[in-house]
Amino acid sequence: MIFAKELGDTLRGALSDDQRVVLLGEDIADPYGGAFKVTRGLSTAFPARVRTTPISEGAIAGVSAGLALAGYRPIAEVMFGDFLTLMFDQVVNHITKYQTMYAGQATCPVIIRAATGGHRGYGPTHSQSLEKHFLGVPHLRVVAASLYHDPRVVFADFLSRDEPVLYVEHKLLYPQHLTLPVNGMVGDLTATSSGMLPTVRLSAVPASECSVTVLAYGYQAHLAAKVVERLAMEEEIFAELVVPAQIAPMDWEPVLSSAAATESLVTVEEGADGWSWGAEAASVVSRELFGRLRRPVSVVASEPTIIPSSKTKESAVLVGSARIEAAIRAAAR
C-alpha cells in the first residue's frame, strides 16, 4: 500500500460518496495529476468537482472558504507547503473564525492538504516544514500524515466534522508503504493506539521497561521508528515511540502516560528549532510531570536557518536518523 496511491484512493472515495466534496489546486487535473500524482485520474472521473486553479494560493483559500460557507466540502491542495504563507491571512482571520463569529450559524470546513518537508534538494523555498506557524491558531486542527495512520480513517474524520483542518503530508511519505498496525504489531514493534485519530505507541518492550519516550510525527516518526527498532534489536536500548496524528490541539494523555513510565522524553520534528511543537511538548510534559523526569526534555529540530539546495548541506541542516539516534542514546542514560 503506497501512501500516495492510498491517499488518492481516499480522495476518490470521498468524491464518490459525497457530492459536496470538491478538490481544488494547481495542476491537479489530468494528465498531470498533481506535483506528487496524488490526484491522478480524479479529474477524469469527476470533471466538475476536481478543478485546476490559477497559480494563486490566496485564490485557492478564498474560493475554498466561499464553497465551504455555501455547504460544500472543499479539499484544497497546496503544491508546496512553503506557499501556505500566502494563505495565512485567510486561514487565521477568516476560515477559522466564521463558525464562532456567527454563533454556529455558519461553518467553514475547509480541508487544506500541503506537501511539506525537505531532503529532496528543492532549496530554500520548496523544502520547509512550516506547520509550527499554524499551531495554536484557535479552531484550527493541524493533522500530520504518517505511515501508521490510514488516510481513509483520517479523511472520514475530517469530513464528519465542521472544523477547518490543515493536513501536512511530508513529501518523502508519498513513495513509502503504509505500515498500519496489524494484530498489534508494526514490524518487530508492539503497537497500541487510542482515539478516532489515534495516537500510536510503538515499542519492543512495555513502556515500563523503556528508558526513553520519543515523540514524533510524520516522516520523522518513520525515521524514529527505524532507529528505535534497530537500537532495541542490536543494543537492547529500549524506547517507546509515540506518534500522534493530530498535532494541534494535542491529546497529551498518551505522551504523559509514556513519559511518566520512562522518565525521559525526546521530541522530534523537521521544522526549524525555536518556538516549536517540541518546545510546547517540553513545556506541557515538564509542568505535568515536574519532579518525575530524570532529565530535561530534549527537543530535536532542524537548524534555524534557510535550507540549502545542495543535498549535502541540506542534510546538515535538517533532522535525520543520526541526530535522532544521538538524542535517544543521550536520553536513555
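The values are calculated or read from the model by the stated rules, or taken from the named source; none is laboratory data. Nothing here was measured: the structure is a model prediction, and the numbers come from that model. All Cβ positions, even for glycine, are placed from backbone atoms using ideal geometry, and neighbour counts span all protein chains on display. Each accessible area value is taken on the protein alone, full model and side chains, heavy atoms only, with ligands, DNA and RNA left out. Shrake-Rupley method; radii C 1.70, N 1.55, O 1.52, S 1.80 Å.
Overview of results
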| quantity | calculated |
| --- | --- |
| Leading residue by the ranking (farthest from L11 (Cα to Cα)) among those in the range 96-117 that are open to solvent by less than 40 Å² (accessible area, probe 1.4 Å) and over 14 Å from the mean Cα position of the chain (by Cα) | A106 |
| Selected residue (criterion: nearest to D157 (Cα to Cα)) from residues of the range 3-50 that are buried (at least 17 other Cβ atoms within 10 Å of the Cβ) and aromatic (F, W, Y) | F3 |
| Pairs, first without any contact (Cβ under 8 Å) to a residue 24 or more places away in the chain in the range 18-38, second open to solvent by less than 10 Å² (accessible area, probe 1.4 Å), C-beta under 8 Å, six or more apart | A29/T39; A29/V50; D30/L42; G33/T39; G33/L42 |
| Long-range neighbours under 7 Å by Cβ, at least six apart or interchain, first residue over 21 Å from E169 (Cα atoms) and among the acidic types (D, E) within the range 223-244, second modelled with pLDDT of 95 or more and part of a helix (DSSP H, G or I) | E240/A207; E240/S258; E240/T262 |
| Qualifying positions in the range 51-72 - farther than 13 Å from R113 by Cβ, open to solvent by less than 50 Å² (accessible area, probe 1.4 Å) and outside any loop (DSSP other than H, G, I, E, B) | G58, A59, G62, A65, G66, L67, A68 |
| Candidates V182, V243, V165, V200 - the one that is modelled with pLDDT under 95 and either hydroxyl-bearing (S, T, Y) or closer than 26 Å to K5 by Cα (or both) | V182 |
| Filter result (touching a residue at least 24 places away in the same chain (Cβ under 8 Å), under 23 Å from L67 (Cβ atoms) and either in contact with a helix residue (DSSP H, G or I) (Cβ under 6 Å, 6 or more places away or on another chain) or not in a loop (DSSP other than H, G, I, E, B) (or both)) within the range 153-170 | V154, F155, D157, F158, L159, P164, V165, L166, Y167, V168, E169 |
| Failed criterion for D188 (all others in (1) surrounded by 20 or more Cβ atoms within 10 Å (Cβ to Cβ); (2) more than 16 Å from the chain's Cα centre (by Cα); (3) not hydrophobic (A, V, I, L, M, F, W, C) hold) | (1) |
| Matching entry among H126, H119 (being in a loop (DSSP other than H, G, I, E, B), of a type outside the set (F, W, Y) and over 25 Å from V50 (Cα atoms)) | H119 |
| Neighbours by Cβ (under 9 Å, 6+ apart or cross-chain): first from the range 291-305, closer than 14 Å to E269 by Cα; second of a type in the set (D, E, K, R) and assigned to a loop (DSSP other than H, G, I, E, B) | V299/D273; V300/D273; A301/D273; S302/D273; E303/D273; P304/D273 |
